[in-house]
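The values are calculated or read from the model by the stated rules, or taken from the named source; none is laboratory data. Because the structure is a prediction, the values reported are computed rather than measured. For neighbour counting, all protein chains shown are included, and Cβ atoms are generated from backbone atoms with ideal geometry for every residue, glycine included. Note: accessible area is taken over every heavy atom of the protein model, side chains too, but ligands, DNA and RNA are not part of it. Shrake-Rupley method; radii C 1.70, N 1.55, O 1.52, S 1.80 Å.
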Amino acid sequence: MDIKREDLLRLFYYLKLTRRLEDRVTSLYHQGKILGGAWTSNGTEAVSVGYGYALEKNDIAAPYFRDMGVFLIRGITAKRIMAQYLGKKTGVTGGKEGNVHVGDLQYGVFGFPSHLADNYPVGAGAALAFKIRGEKRVVAACTGDGGTSRGDFHEGMNLAAVRKLPIVFICNNNQYAYSTPLKLQMAINNVAERALAYGMPSKIVNGNNVMEVYTAAKEAYETARNGGGPTFIECKTMRMHGHSEHDSAKYVPRELLEEWKKKDPILHMETYLMENQIAKKEELDGIDLQVQKEIEEAEAFAEESPYPEPEEVLKGLYATPIEE
């Protein structure tokens with residue numbers, strides 16, 4: 001699949017925006033300005049940016065906590081995300097959550113709790129609704145390799161396969177489920193083999209190559225959109241930070257990190273764009289400066305935003321509001 005130059009540059013922009021935003025969140029966390037926890041996608045940004053950018057406007061994303069790229073691509077701004085982390089009123093949840101467990105249906109993004117793969121059956125439910133209504137819309141649901149060992153993963157996969165639903169399941173295989181390496185979690189070589197049990201086609205892609213992820217996702221979405229049913233895509237990558245910023249990841253061999261550091265998705269994309277004369281370094285540096293400015297503005301916006309008022313604590317929590 002040929003990707004237009006403008007789309008390649010947008011993919012690069014979102015890779016940089018995701019990395020810089022999460023790097024700044026990490027810095028603020030270590031300064032004590034962010035309470036609770038901070039989870040990032042460092043080293044795996046190509047997964048969320050690739051599958052997120054391939055979606056169409058009316059599609060639905062059911063991401064998980066390492067999918068910052070999806071939030072940004074769908075329209076949840078860096079300003080709102082930064083305010084979210086600082087617990088401000090202008091954050092995605094209005095100050096009721098202090099990290100990235102968020103969603104916004106206005107932008108077609110389902111929210112999620114900590115339980116990984118819980119979004120698989122939820123996404124399958126949305127896809128079932130699309131099929132019943134006869135709508136040409138698809139759902140993209142993502143989880144990590146650890147999430148594929150949970151029951152809700154298998155329930156969602158089974159329902160989608162049996163009903164031939166318009167959903168694409170993404171797996172961010174970042175090698176570790178918290179501190180458990182893949183070899184101690186499953187007795188197969190590839191997570192994608194799990195799709196075979198449901199008669200579901202699967203693909204394995206380089207999760208550090210945003211173009212490969214984008215292309216595989218785009219093709220799978222079109223299959224689903226046209227009645228061909230679900231696809232499972234395993235994106236092989238490596239989580240370059242700990243499970244979260246409070247985790248030093250001492251259980252990960254240093255040589256493994258050094259090996260994957262050379263495969264950095266941003267470095268890979270930058271090299272591709274320059275070697276194929278798609279963009280010069282000056283243009284890419286310009287994109288980086290633009291991103292840096294956006295992050296600085298987002299941080300200033302969040303710092304200056306107010307905290308929510310105490311009387312707002314119950315607003316937006318219940319489908320049927322409590323009468324005052």
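Some observations on this one:
- Applying a threshold of 8 Å to beta carbon distances and a minimum spacing of six or more residues, or different chains, the list of pairs starting in segment 26-48 at a residue that is within 13 Å of MET240 (Cβ to Cβ) and open to solvent by 50 Å² or more (accessible area, probe 1.4 Å) and ending at one that is assigned to a loop (DSSP other than H, G, I, E, B) and hydroxyl-bearing (Ser, Thr, Tyr) is empty.
- Odd one out for ALA279 among (1) under 18 Å from ARG66 (Cβ atoms); (2) outside any helix (DSSP H, G or I): (1)
- Within segment 232-259, restricting attention to residues that are modelled with pLDDT under 95 and within 11 Å of GLY43 (Cβ to Cβ), the residue that is farthest from the chain's Cα centre (by Cα) is LEU257.
- Residue satisfying all of: in segment 183-199; within 24 Å of the chain's Cα centre (by Cα) and assigned to a loop (DSSP other than H, G, I, E, B); surrounded by the fewest Cβ atoms within 10 Å (Cβ to Cβ) among these: ASN189
- ALA117 in a strand (DSSP E or B) and either over 22 Å from LEU11 (Cβ atoms) or open to solvent by less than 40 Å² (accessible area, probe 1.4 Å) (or both): no
- Hey, GLY103 within 19 Å of SER41 (Cα to Cα) and of a type outside the set (Phe, Trp, Tyr) or not: yes
- Of the numbered criteria (1) open to solvent by less than 10 Å² (accessible area, probe 1.4 Å); (2) at pLDDT 95 or above, the one LEU55 fails is (1).
- Condition broken by GLU296, with the remaining ones in (1) in a helix (DSSP H, G or I); (2) open to solvent by less than 40 Å² (accessible area, probe 1.4 Å); (3) of a type outside the set (Phe, Trp, Tyr); (4) without any contact (Cβ under 8 Å) to a residue 40 or more places away in the chain satisfied: (2)
- Near pairs, Cβ below 6 angstrom, 6+ apart or cross-chain, from segment 177-201 (at positive phi) to any residue that is aromatic (Phe, Trp, Tyr): none
- Count of residues meeting criterion [open to solvent by less than 10 Å² (accessible area, probe 1.4 Å), assigned to a helix (DSSP H, G or I) and touching a residue at least 60 places away in the same chain (Cβ under 8 Å)] in segment 131-168: 3
- Pairing residues of segment 267-284 that are more than 16 Å from ARG5 (Cβ to Cβ) with residues that are assigned to a loop (DSSP other than H, G, I, E, B), at Cβ distances under 8 Å and at least 6 apart in sequence or on separate chains, gives HIS268/ASN208; HIS268/ASN209.
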